[in-house]
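Here the structure is laid out as C-alpha cells; the discussion comes afterwards.
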Amino acid sequence: MATVRIPSQLRNLVDGERKLRVTGGTIRAILDEIDAKHPGIKNRVLDEKGEPSAFVGVYVGGEDIRFLGGLDAEVPADAEVSIVPAAAGG
Amino acid sequence: MSKVLGLKCKECGEVYATNGIHVCELCFGPLEVALDYDHIRSVISREKIENGPISLWRYVDLLPVESGWDSDVRVGFTPLQYAPRLGAAIGLKNLYVKNDSVNPTYSFKDRPVAIAVTKARELGYTVFACASTGNLASAVAAAGVKAEMETYVFLPSDVEAGKITNAAVYGANLIAVNGTYDQLNRLCSEIADEEEWAFCNINVRPYYAEGSKTLAFETVEQLGWRAPDHVVVPIASGALYTKIAQGFEEMVTVGLIDGQSVRVSGAQAAGCGPVAAAFAAGEDAFEPVRQPETVAKSLAIGNPADGNYSLEVARRTGGVIESVTDAETVEGIKLLAATEGIFTEAAGGVTIATLRKLAANGAIGEDEVTVAYVTGNGLKTQEAVDGHVSVTMTIQPTIGSFEDALEDKQEAVLAQAAR
Ligand SMILES: Cc1ncc(COP(=O)(O)O)c(C=O)c1O
Ligand SMILES: [Zn+2]
C-alpha cells in the first residue's frame, strides 16, 4: 500500500490523521479513494477545472506530479505521496 | 498592534490572526500581512523617517513588528549609487544602482530576516530555520545565533563554496541537501508542518517577505522623495520582486509621495526562467522548471511561489520580465565592476545583463530614472567568474622582473592592435 502524507491544513478532513494508507494506482485514483472516505479532500487539492490547484503541490516519492503526467502520475505500491502547500520558499 | 489588521489570504480574502501560518485554511492561497494604512498615514512622516535609525528600522511604521529586536545590527539603508559610467555603457542617462551587497551577511536577505527573527521572537518560537538557495542561509544563521535561538539552515549541497563557508561560520546547524532547491523547499515545508519552528520562508513567510519592501522605501527617500520611473529586480521565488512593487505603492498610499507609477521589470537566468518564459508567451501561469541549469544558483527556483503574482505585477506596472544566458551574466558581473566598482554575485550579473538587454531593446527609455537592484556580493560566488578574470602578470620581487613584464605586456597590446 502507498502512503499519503496529509498537510496540517487538511487534517481536519481526515479525522486528524497525518498519514493515510491507500491502494494506489494513480494520483487520480488515490484522490478518489480518499475523497470517498473523507469527502472534501478533492475540492481542496483540485481547482474548479478538476486540475491540481496552483496552490498545492502533489509529489510522488519527492517528484512533482507536474513532471509525471499530472493526475495520471503512477503511484507504485510502496510509494510515499506528499500533499504540500505551494506558498513557500525564496 | 494597531497598524497590523491581520493576515489576509491573497486569493479569497479570508483574514487570520497574526500567528505563524502562511496559507489559507480554506483555499491554500498565500497569506500576506494586512496593514491599517489609515492608521499608518496618521503617524508617519518624512521628518520622522529622516530622524530614524540609519537602517531599515527607520520604516518600522510600515513593517509588521513593533521594533527590531536587535537594531544595533545595521541592516539596510544601503547606498543608492548614481551609475553614470554603467549608464553610458548601456545607453541610460539616469541610472542608479541600489547596492544591497553590503548588508551584514552580504545580501538583501538580511532585510526579510530582520523582520522574521523579530516576529519569531514575538510569537515565542525558540527555533529559527530556512530553506535557502544560498544567501538566506547566512542571513538566518547570523540572526538566529545572535538571537540565541536554535537555528537550522538548509541549502542545496552544490551551492558555491563561499555560500557554504559563510553560512557555516556562525555555528548554526547547516544542513546540505543533495537535490534541487525545489526539492529541499518541499522537504522543509514537510518539516515545518511537523515541528514548532519559525521557518523564515515557510510558516513566517508573510512577515519575512515584508522586509523586502524596504528596498523600495529607501530608493524613494534616497532619490529625494520621488519614485523612480523604472526598476529592474532579480526573480527567484518572486517575493523580492512583488514586495518591491508593493513598497512603491505603499509610499503613495500612506501619503509620503504623490501618485506615480513605477515600471517594475524582472530578471531571470535563461537556465531557470519560468517566469520570464511565461511572460514572453503571454501566459498567466508559469510552467515549473524541473532541473535548473544556471550559474546564478541563488536564483535557481524552478517552482517560484510568487511566480504568477510576478506576472501580474509586470503587466500591471508596464514592466518586462526577461532572462539572460550564463555568458551574459558573467559579462554583467564584469561590466558592473569595471564601470561602477561594485563586485556582485551571479544574481547581480543576471540583473545587470537584463538591464542592459532592456536598455538595448528600448524597453527602458534612455531618460527614465532607472534603478537596478544589486542584491548579493561577488565574493560569495567567485566560481561564477573563474576563468573569466585573472592576474595581469606574475613577477619576481625585483624591479627588473617588473620592467620586463611590463614591456612584454605593452608588446602584446601593440601586437593585438596591429591585428
Ligand atoms: C542575491 C539574491 N538576489 C535575488 C534573490 C531572489 O529572491 P526571491 O526569491 O525573493 O525572488 C535571491 C534569492 O535567494 C538572492 O539570493
Ligand atoms: Zn483563501
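The values are calculated or read from the model by the stated rules, or taken from the named source; none is laboratory data. Note that the structure is a prediction, hence the values are computed from the model and not measured. Glycine also receives a Cβ, built like all others from the backbone with ideal geometry; neighbour counts cover every protein chain displayed. When the accessible area is computed, the model is the full protein with side chains, heavy atoms only, and any ligands, DNA or RNA have been set aside. Shrake-Rupley method; radii C 1.70, N 1.55, O 1.52, S 1.80 Å.
Across the stretch B:79-109, what is the total count of residues that are open to solvent by less than 10 Å² (accessible area, probe 1.4 Å) and either within 16 Å of ligand 1 (Cβ to nearest atom) or more than 20 Å from B:ALA338 (Cβ to Cβ) (or both)?
The qualifying residues number 7.
I'm told A:PHE67 meets every condition in (1) open to solvent by less than 40 Å² (accessible area, probe 1.4 Å); (2) aromatic (Phe, Trp, Tyr); (3) more than 23 Å from B:ARG205 (Cα to Cα) except one. Can you identify the failing condition by its number?
So A:PHE67 meets the others, but not (1).
Can you list the helices (runs of 4 or more DSSP H) lying wholly within the stretch B:144-237 that have 1 or more residues being surrounded by fewer than 24 Cβ atoms within 10 Å (Cβ to Cβ)?
B:161-168, B:181-194, B:214-222
Kindly check whether there is at least one residue in the stretch B:5-14 that is under 16 Å from B:ARG205 (Cα atoms), away from ligand 1 (no atom under 16 Å from the Cβ), not in a strand (DSSP E or B) and not acidic (Asp, Glu).
Within the stretch B:5-14 (the criterion being under 16 Å from B:ARG205 (Cα atoms), away from ligand 1 (no atom under 16 Å from the Cβ), not in a strand (DSSP E or B) and not acidic (Asp, Glu)), the answer is no, since none of the residues qualifies.
Quick one: B:MET393 ticks every box in (1) in a helix (DSSP H, G or I); (2) not assigned by TED's automatic domain parsing to the domain that holds B:GLY91 except a single one, so which number is it?
(1)
Could you please let me know if B:THR253 is of a type outside the set (Gly, Ala, Ser) and crowded, with 24+ Cβ neighbours inside 10 Å?
no
Counting only residues that are under 20 Å from A:ARG18 (Cβ atoms) and part of a loop (DSSP other than H, G, I, E, B), which one in the stretch A:42-90 is farthest from the other protein chains (Cβ to nearest Cβ)?
Only one residue fits best here, namely A:ASP78.
Taking interchain pairs and intrachain pairs at least six residues apart, which have beta carbon atoms under 7 angstrom, with the first residue in the stretch B:354-376 and under 16 Å from B:GLY332 (Cβ atoms) and the second among the acidic types (Asp, Glu)?
So the pair list comes out as B:THR354/B:GLU322; B:LYS357/B:GLU322; B:LEU358/B:GLU322; B:THR370/B:ASP229; B:TYR373/B:ASP100; B:VAL374/B:ASP100; B:THR375/B:ASP100; B:GLY376/B:GLU345.
Listed residues B:ALA277, B:ALA267, B:ALA296; which is open to solvent by 40 Å² or more (accessible area, probe 1.4 Å), under 27 Å from B:ILE202 (Cα atoms) and touching a residue at least 40 places away in the same chain (Cβ under 8 Å)?
After applying the criteria, what remains is B:ALA277.
Looking only at the stretch B:20-59, filter to residues that are within 16 Å of ligand 2 (Cβ to nearest atom) and small (Gly, Ala, Ser); which one of those is farthest from B:VAL220 (Cα to Cα)?
B:GLY29
Could you please let me know if B:TYR208 is modelled with pLDDT of 95 or more, touching a Pro at 6+ places or on another chain (Cβ under 7 Å) and within 8 Å of another protein chain (Cβ to nearest Cβ)?
So B:TYR208 fails the test.
Conditions: (1) within 14 Å of chain A (Cβ to nearest Cβ); (2) out of contact with any helix residue (DSSP H, G or I) (no Cβ under 9 Å at 6 or more places or on another chain). B:GLU148 meets all but one. Number of the miss?
Failing condition for B:GLU148: (1).
Return the pairs, sorted by first residue and then second, in which the second residue is of a type outside the set (D, E, K, R) and part of a loop (DSSP other than H, G, I, E, B), the first residue lies in the stretch B:16-29 and is at negative phi and within 16 Å of ligand 1 (Cβ to nearest atom), the beta carbons are less than 9 Å apart, and the residues are 6+ apart or on different chains.
The qualifying pairs are B:HIS22/A:ALA87; B:HIS22/A:ALA88; B:HIS22/B:ASN201; B:HIS22/B:ILE202; B:HIS22/B:ASN203; B:HIS22/B:VAL204.
Of the residues A:ALA79, A:ALA73, A:ALA87, A:ALA54, which single one is touching a helix residue (DSSP H, G or I) at 6+ places or on another chain (Cβ under 6 Å) and either touching a residue at least 12 places away in the same chain (Cβ under 8 Å) or open to solvent by less than 10 Å² (accessible area, probe 1.4 Å) (or both)?
Just one listed residue meets the conditions, A:ALA73.
Which condition does B:GLY273 not pass, out of (1) closer than 27 Å to B:LEU379 by Cα; (2) touching a helix residue (DSSP H, G or I) at 6+ places or on another chain (Cβ under 7 Å), if it passes all the others?
For B:GLY273, the exception is condition (2).
Assuming B:GLU249 fulfils every condition listed in (1) of a type outside the set (S, T, N, Q); (2) away from chain A (no Cβ under 14 Å); (3) touching a residue at least 40 places away in the same chain (Cβ under 8 Å); (4) part of a helix (DSSP H, G or I) apart from one, which condition is it?
(3)
Looking at B:ALA137, is it under 22 Å from the mean Cα position of the chain (by Cα), farther than 24 Å from B:GLY247 by Cβ and not acidic (Asp, Glu)?
It is true that B:ALA137 is under 22 Å from the mean Cα position of the chain (by Cα), farther than 24 Å from B:GLY247 by Cβ and not acidic (Asp, Glu).
Just give me the residues in the stretch A:18-41 being within 13 Å of chain B (Cβ to nearest Cβ) and open to solvent by 70 Å² or more (accessible area, probe 1.4 Å), in sequence order.
Correct list: A:ARG18, A:LYS19.
Conditions tested, residue by residue: (1) over 23 Å from B:GLU195 (Cα atoms); (2) aromatic (Phe, Trp, Tyr); (3) at pLDDT below 95.
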{"site": "A:PRO7", "(1), (2), (3)": "no, no, no"}
{"site": "A:ARG18", "(1), (2), (3)": "no, no, no"}
{"site": "A:THR23", "(1), (2), (3)": "yes, no, yes"}
{"site": "A:VAL58", "(1), (2), (3)": "no, no, no"}
{"site": "A:GLY69", "(1), (2), (3)": "yes, no, no"}
{"site": "A:VAL75", "(1), (2), (3)": "yes, no, no"}
